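Novice: There's a structure below that I have some questions on.
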Amino acid sequence: MTETNDTRKSQRVQNDSELYIGIMSGTSLDGIDAVLVGFPDDQTRLLATCYQAYGKDLREALLALHQPAYDELRQTQFIGNELAKRYSQATVSLLQKAGVVPGQVCAIGCHGQTIRHCPDQGYTLQLGNAALLAELSGIAVVSDFRSRDIAAGGQGAPLVPAFHDKVLRHPAIHRVAVNIGGISNLTNLSPECPVSGFDCGPGNMLMDAWISMHCGEPYDRDGAWAASGKVIPALLQRFLEEPFLHAPPPKSSGRDLFSLAWLKGRLRGDEAPVDVQATLLELSCRAISDAIQCFCKGATEIYLCGGGAHNQALVQKLGAFLPECNIQTTEVLGMGVDWLEAIAFAWLAQQRLYNRELNLVTVTGARHSCILGAIYPA
C-alpha cells in the first residue's frame, strides 16, 4: 500500500507527544504568524505554519491605539476581541493543515499585539483577549509573558533570547542572533558567558511607515527603493543622536519611541523621500552593527531572522559594516527566519505549563528569574 501524505502527517504528529501552538504578531503590524511545534526528547520540531495578514483597517486601528485618543479604552477591548477571533481562525487553519484536533495540543503561547511598552513606567500592554481565545479554540492559552519580568524590575523584553540560547548556541563559536522585525533585537551567545540580549533600535518599522506614506506599499521589497536613493549624512547624524541608541543594555523599545512622529521631527522638509528611505536603511544597519561591535566583541557568526532577513539591501549593508563576521540566516541552523519568534512562544508556553523559571537577568535586567506568562485554561 502506498503511504499517503495524510498517513505520513499523522505518524509525524504522533511522534511528537507534546504539541504546542505559538502565535506571534509583532511591531511591524503586518499579520499573524502561527506555528504548530513538537518538543520530542527536548528537541524542537516545526510541524505546520500559518500566516494571516491583518488587512488595512485592522492595521490602521492598531496604529491609532499607539497614541492616546478619545474612547481608547473601549477600542482596546473591541480590538482585543477581534484579535482573539483572528488568532482562533489562524489556529483552526493551522490544525487543519497538520491534521490535528484541539485536544492534542497542550497550549497556545500567544504573545498578543503590543500597543504600549513602557517598562520605565512599570507597565506593558499587549492586546488579544486570551480568555476569549481559549474559549474559541478549546485550547489552554498562555499569554502576558512580559508583565512578571517588569514586576521584577526588568524590561519585559526581549524574551526570545532564552529560546535562542537553547536552539542556536554553539559550545565553541561566538554567535549573535539578530531578529529584524519592526524593532531589531539581538541575542549574544558567547561560549564564555551567559546569554544576553537587548533591543538595538528600529528595524523595519520606520522604513515601512515611510514607504507606506509615499508609495502606498506595506514594505520596501528587498530594500529596492532604499537602494535607489542616497544616504543624507546630516539626517543620519540626527537619527544617530537618539539617546536610546547609545544607552547600555538592558533596554527595550517600540513604537512608543520610534514612531513616524519621531522621524518627521528630524526632517528639514526639503529631503527627497527616496533619500530619506536610504538613510533609514542606513540607520537600521548602524543600530545593529554598532550594537554588535560595542556589546558582542569577538563574535564571528551572525544569524538573521525576522522580516528584515529578506531585505537584501539591508543584509548586504550589514555585511559591509561587519566584514569580520560570517552573516547568514537562521535557515542554515534549521530555524526558519519567518517562524522563529512564533516557535519561541510555543516553547515559552511549555515552560509556563511546567512552572519553569526563566533566568533572563542578563537580558532584561530583572532582579531574579521568573515564571513568565498567565494561563487561561480551555
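Novice: Quick check on my filter: what residues within the range 185-196 are open to solvent by less than 10 Å² (accessible area, probe 1.4 Å) and under 16 Å from G156 (Cα atoms)?
Specialist: Hits for the range 185-196 are L186, T187.
Novice: Look at Q237 and say whether it is among the polar types (S, T, N, Q), open to solvent by 50 Å² or more (accessible area, probe 1.4 Å) and without any contact (Cβ under 8 Å) to a residue 24 or more places away in the chain. Outline the logic, then answer.
Specialist: Working: among the polar types (S, T, N, Q): yes; open to solvent by 50 Å² or more (accessible area, probe 1.4 Å): yes; without any contact (Cβ under 8 Å) to a residue 24 or more places away in the chain: yes.
Answer is yes for this residue.
Novice: Within the range 264-304, track down each residue that is under 25 Å from C325 (Cβ atoms) and free of Cβ contacts under 8 Å to residues at least 24 places away in the same chain.
Specialist: Scanning the range 264-304 gives C294, K297.
Novice: Inspect the range 80-87 for any residue being aliphatic (A, V, I, L, M), in contact (Cβ under 8 Å) with a residue 40 or more places away in the chain and under 16 Å from G109 (Cα atoms) and give the result as yes or no. Outline the logic, then answer.
Specialist: Of the residues in the range 80-87, the ones aliphatic (A, V, I, L, M) are 83-84.
Narrowing further to those that are in contact (Cβ under 8 Å) with a residue 40 or more places away in the chain: 83-84.
Next, only the ones that are under 16 Å from G109 (Cα atoms) stay: 83-84.
Within the range 80-87 (the criterion being aliphatic (A, V, I, L, M), in contact (Cβ under 8 Å) with a residue 40 or more places away in the chain and under 16 Å from G109 (Cα atoms)), the answer is yes, since at least one residue qualifies.
Novice: State the number of residues belonging to the range 81-113 that are more than 22 Å from the chain's Cα centre (by Cα) and in a strand (DSSP E or B).
Specialist: Residues meeting the conditions: 2.
Novice: Here are some residues: G365, G334. Which one is over 30 Å from G153 (Cα atoms) and either surrounded by fewer than 22 Cβ atoms within 10 Å (Cβ to Cβ) or not charged (D, E, K, R) (or both)?
Specialist: Numbers: G365 fails: over 30 Å from G153 (Cα atoms).
After applying the criteria, what remains is G334.
A quick yes/no check of all residues on (1) in contact with a Gly (Cβ under 6 Å, 6 or more places away or on another chain); (2) open to solvent by 50 Å² or more (accessible area, probe 1.4 Å):
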| position | (1), (2) |
| --- | --- |
| I183 | yes, no |
| F198 | no, no |
| M205 | yes, no |
| D208 | no, no |
| G216 | no, yes |
| A224 | no, yes |
| G229 | no, no |
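Novice: When residues of the range 23-38 are filtered for being within 15 Å of I115 (Cα to Cα) and open to solvent by 10 Å² or more (accessible area, probe 1.4 Å), how many remain?
Specialist: Of the residues in the range 23-38, 5 are within 15 Å of I115 (Cα to Cα) and open to solvent by 10 Å² or more (accessible area, probe 1.4 Å).
Novice: Got a sec? Which strands (runs of 3 or more DSSP E) wholly within the range 114-218 have at least 1 residues that are within 19 Å of C325 (Cβ to Cβ) and among the β-branched types (V, I, T)? Don't jump to the end; show me each part of the working.
Specialist: Working: elements: 123-127, 141-143, 175-180, 183-189, 196-202.
Where strands (runs of 3 or more DSSP E) fall fully within the range 114-218 and carry at least 1 residues being within 19 Å of C325 (Cβ to Cβ) and among the β-branched types (V, I, T), they are 175-180, 183-189.
Novice: Right, V276: under 28 Å from L65 (Cβ atoms) and open to solvent by less than 50 Å² (accessible area, probe 1.4 Å) or not?
Specialist: Values: under 28 Å from L65 (Cβ atoms): yes; open to solvent by less than 50 Å² (accessible area, probe 1.4 Å): yes.
Against the criterion (under 28 Å from L65 (Cβ atoms) and open to solvent by less than 50 Å² (accessible area, probe 1.4 Å)), V276 qualifies.
Novice: Continuing with the same structure: Among the residues of the range 237-248, count how many are more than 24 Å from P323 (Cα to Cα) and either touching a Gly at 6+ places or on another chain (Cβ under 8 Å) or modelled with pLDDT under 95 (or both). Don't jump to the end; show me each part of the working.
Specialist: From the range 237-248, those more than 24 Å from P323 (Cα to Cα) are 238, 241-244, 247; that's our starting set.
Okay, now just the ones that are also either touching a Gly at 6+ places or on another chain (Cβ under 8 Å) or modelled with pLDDT under 95 (or both), so 242, 244.
The number of residues fulfilling the criteria is 2.
Novice: Across the range 299-314, which residue is farthest from the chain's Cα centre (by Cα) among those that are open to solvent by 60 Å² or more (accessible area, probe 1.4 Å) and either farther than 28 Å from G31 by Cβ or among the polar types (S, T, N, Q) (or both)? Steps first, please.
Specialist: Narrowing the range 299-314 to residues open to solvent by 60 Å² or more (accessible area, probe 1.4 Å): 300, 310, 312.
Applying the additional criterion that residues be either farther than 28 Å from G31 by Cβ or among the polar types (S, T, N, Q) (or both) yields 300, 312.
Details: T300: 23, Q312: 19 Å.
So, considering only residues that are open to solvent by 60 Å² or more (accessible area, probe 1.4 Å) and either farther than 28 Å from G31 by Cβ or among the polar types (S, T, N, Q) (or both), the one farthest from the chain's Cα centre (by Cα) is T300.
The values are calculated or read from the model by the stated rules, or taken from the named source; none is laboratory data. In this text, all values refer to a predicted model and were calculated from it rather than measured experimentally. Heads up, the Cβs are rebuilt from the backbone with ideal geometry, glycines too, and the neighbour counts pull from every protein chain shown. Side chains are part of the model used for accessible areas, which takes the heavy atoms of the whole protein and leaves out ligands, DNA and RNA. Shrake-Rupley method; radii C 1.70, N 1.55, O 1.52, S 1.80 Å.
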